[in-house]
Amino acid sequence: MSNKEFRTAKQKEIELPPELSREILEIYQAMQDGYEKVAEDIGLSCRDCPDNCCDSYFQHHTYSEWAYLWEGLRDLDGKTLDRITERAKDYVRQSADVLATGDRPQLMCPLNEDGLCALYQHRMLICRMHGIPATLTRPDGQSMRFPGCFRCQEIVSNKYEQETDAPAMDRTQLFRRLAALESRLMGERRHLYPRVKKTIADMIVEGPPTIATPHCER
Ligand code: SF4
Ligand code: SF4
């Protein structure tokens, strides 16, 4: 598919300039390094886990990650992209049905092929941090702590007297870096664009992120 096919007359694709593409990769790498350190300290490994977290329902909130995901999708061969797109369409349909009943969908991510991520280098931030205990200080100053996945919680309850004794990764700085990157990508008009709240499947089905072009730029 060419870029032109992804655009409508009054929409402009949001593409990451090379320096932002490199920076998002640095943020991802830092998240992965932090994950590996905490996972090693705790003794958590995904090897032989009976669960596969790729069926967790997550929505993503930045144009930057959406654009970076599409950098990876464009590198796939046509057949693989078509296969993934069909699965993404199914995912969108099925998740809408489940959400309509008030439940949280539990459906395999369309990028998962035979248990492996087809876009490993471009997988989202949340894919790189799910599992270990983590902390976050929100912009309003409120502190949050996440206990990690079920396997992590089992290990922690056997190994530590209290859950908060276990090491945890502080996500705050990396989230702030991603927010700053998003501001650089979207510029001063950021607040005028629709908020992103999309699953990976939505992002695949809808194509690369676009924004309405102001009249003066058409
Ligand atoms: S993050 Fe936890 S639940 Fe998910 S695959 Fe790894 S060990 Fe299993
Ligand atoms: S992007 Fe990859 S790692 Fe993330 S949920 Fe999908 S298949 Fe799993």
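We did not get these values from a lab; they are worked out from the coordinates using the rules stated. Keep in mind it's a predicted model, so treat the numbers as computed, not measured. We place every Cβ from the backbone using ideal geometry, glycine too, and count neighbours over all the protein chains shown.
Only residues that are under 23 Å from L116 (Cα atoms), assigned to a helix (DSSP H, G or I) and more than 17 Å from the chain's Cα centre (by Cα): list them for region 16-63, please.
Applying the first criterion (under 23 Å from L116 (Cα atoms)) to region 16-63 yields 24-40, 43-60.
Then keep just the ones that are assigned to a helix (DSSP H, G or I); that gives 24-40, 53-55.
Selection gives E36, K37, V38, A39, E40.
Keeping to region 182-204, report how many residues are under 14 Å from H60 (Cβ atoms) and surrounded by 14 or more Cβ atoms within 10 Å (Cβ to Cβ).
Here the count works out to 9.
Looking at R145, R151, R176, which is the one that is touching a Pro at 6+ places or on another chain (Cβ under 8 Å) and either closer than 29 Å to T80 by Cα or not hydroxyl-bearing (S, T, Y) (or both)?
None of the other options fit; the residue is R145.
Output the qualifying pairs, or none if there are none: Cβ atoms under 9 angstrom, residues six or more apart or on different chains, first residue in region 95-110 and within 22 Å of C127 (Cα to Cα) and polar (S, T, N, Q), second residue within 16 Å of ligand 1 (Cβ to nearest atom) and assigned to a helix (DSSP H, G or I).
Listed by first residue and then by second, the contacts come to Q106/D55.
Please go through region 42-58 and pick out each residue that is more than 7 Å from ligand 1 (Cβ to nearest atom) and either closer than 20 Å to Q106 by Cα or surrounded by fewer than 12 Cβ atoms within 10 Å (Cβ to Cβ) (or both).
Within region 42-58, G43, R47, D48, P50, C54, D55, S56, Y57, F58 meet the criteria.
Can you tell me which residue within region 16-41, out of those that are charged (D, E, K, R) and closer than 30 Å to H191 by Cβ, is nearest to ligand 1 (Cβ to nearest atom)?
E26
Does T62 meet the test of being over 20 Å from G131 (Cα atoms), touching a residue at least 60 places away in the same chain (Cβ under 8 Å) and polar (S, T, N, Q)?
Here the answer is yes, as T62 does meet what is asked.
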